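Structure first, commentary second.
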Amino acid sequence: MTPNADRFLSDLHALRGFGASGVGKGVVRPAYSEADGAARDWLAGRMEAAGLRVHRDPMGNLFGLAEGPSLLLGSHSDSQPEGGWLDGALGVVAALEVARAARAAGGPPVSVVSFQDEEGRFGVTTGSAVWSGQISLEEADRLTDHAGVTLAEARASMAARAGDFVDPARFRGFIEMHIEQGPVLDSAGERIGVVRDIVGIRDMRITFTGQQNHAGTTPMHLRRDAFQAVAAFNARINERFRNVVTPATVWTVGHVSLHPNASSIVPGRGVFSMQWRDGESDRLARMEAIIRETAEEVAGEMGMDLAFGPMLGLEPVAMDARLRGALEAEAETVAPGRWRVMPSGALHDATNVAWLMPVAMLFVPSIGGISHAFEEDTAEPDLVTGLEVLAGAVARLG
Ligand code: HGY
Ligand code: MN
Ligand code: MN
């Protein structure tokens, strides 16, 4: 089986055209946006041209199905609000190329998927989470983005063309190729990472409500300033986590919204996202307890009402030994001595799909370790090396 590197790179650049940010190679293609819909229509056309049967499920997950039992390859084609051109797109386009190459070589059958809302406009890897039953469609429909739009409203725009959920029993396994999104491979001068396991995550919205008031006339000691509560929480949590976390644990306050967000108004409401990730579920639970206690303590001291949104979470998962073995054998063939087995600190659809079938993942280096930013990039020879390892592993599993 010989994948066509030029056709693969040309498709990858074509996909970048949907939602191209105009800054570097970046893209703005959030789930269910116009650019996302147009990109999915284009991908559907490429799937059809590759001889695959196009199927959209109620979440908007897009499948190109091969006849009979097949291996499923893919990732996602939605982006962060400011995203790179490869995050997700690489795995989808590589899957498409391997499906074409496999078909031309007379097998093995390969199906392709682009999951919807991997980047969590509404949740955490929402499309594959619903497909795998980690969250029900009914529950997911009530999730809102930062602007207050519900998932039910967003997916309604794509509902007309949706069929049923695909029966996962038709797939023999799932392999997701992705950029590393961290500095390990790039700084070591290595070409391929074979993933051992993917960390777990928790994500929750927290709201402090104080009293909106005049910024000139309200004495400092009488204020119930929601921003001050958010700031105090953040300072305290960094301190409190100290005895619980390891150097691999990460946590992020990535979205903050103050109401009404005006220079001359003491903010009455502060809403922020609290996200934390670690390879051990127990540690994630201990961190949750600290977060809740600290927020309650700050609310009590500063006269705030406190509300926690629903906590979304995915458990850490290990990759399947057989699929992983095929990637390792192929990595050693294509890039001898220049690959490693490594954990994934980023979340991926593979986490959810692992509940349905054996899964494995491979990484290619990210230049400077940058991702979730317009600057995200990977040298083209590394993209092609990844494609070759993926195709070779599929042939081995044939
Ligand atoms: O946030 C993540 O790890 C993933 O890119 N959605
Ligand atoms: Mn991704
Ligand atoms: Mn991402």
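The values are calculated or read from the model by the stated rules, or taken from the named source; none is laboratory data. All values reported here derive from a predicted model rather than from experimental measurement. Note that each Cβ is placed from the backbone with ideal geometry, even for glycine, and that neighbours are counted across all protein chains shown. Ligands, DNA and RNA are excluded from the accessible area calculation, which covers all protein heavy atoms including side chains. Shrake-Rupley method; radii C 1.70, N 1.55, O 1.52, S 1.80 Å.
Points worth noting:
- Applying the criteria of a DSSP loop state and at most 11 other Cβ atoms within 10 Å to the GluC sites (Glu not before Pro) of the stretch 297-336 yields no site.
- Extension gain, Glu375 back to Ser187 (0.36 nm per residue minus Cα-Cα distance, nm): 66.0 nm
- The largest-to-smallest principal axis extents of the Cα set in the chain are 76, 47, 39 Å.
- With the simple spin-label model, which puts each label point 7 Å out from Cα in the Cβ direction, the Arg236 to Ala38 separation comes to 4.8 nm.
- GNM remark for the chain: springs join alpha carbons under 10 Å apart, and the peak mean-square fluctuation among Ala331, Ala99, Ala262 falls on Ala262.
- The shape of the stretch 135-279 can be summarised by an equivalent ellipsoid whose semi-axes, obtained from the alpha carbon gyration tensor, come to 39, 26, 13 Å from longest to shortest.
- Degrees between helix 34-49 axis and first principal axis of the chain (Cα, 0 to 90, nearest 10): 10
- Between Ala50, Ala326, Ala14, the GNM of the chain built on Cα springs shorter than 10 angstrom shows Ala14 fluctuating the most.
- Rolling a 1.4 angstrom probe over the protein heavy atoms with all chains in place gives the chain an accessible area of 40 Å² per residue.
- Among beta bridges that DSSP assigns inside the chain, antiparallel share in %, nearest 5: 65
- Apportionment of accessible area to carbon and sulfur, the stretch 1-155, percent (1.4 Å): 48
- Taking only alpha carbon atoms, the stretch 23-176 gives an Rg to Rh ratio of 0.96, where Rh is the Kirkwood radius.
- The residue list Pro336, Val364, Met287 was ranked by how far each Cα lies along the charge dipole of the stretch 278-398 toward its positive end, using unit charges on Cβ atoms, and Pro336 comes out on top.
- Antiparallel bridge percentage (DSSP; both residues within the stretch 1-151; nearest 5): 60
- Loop-located GluC sites (Glu not before Pro) in the stretch 344-398 (DSSP state not H, G, I, E or B) with no more than 11 neighbouring Cβ atoms inside 10 Å do not occur.
- Measuring between their Cα centroids, the stretch 67-112 and the stretch 329-352 lie 16 Å from each other.
- Dipole magnitude of the chain, debye to nearest 20 (Cβ charges: Lys/Arg +1, Asp/Glu -1, about Cα centre): 80
- Residue among Ser114, Ser273, Ser79 with the largest mean-square fluctuation in a Gaussian network model of the chain, springs linking Cα atoms under 10 Å: Ser273
- Helix 5-16 vs. the chain, principal-axis angle (Cα, 0 to 90°, nearest 10): 30
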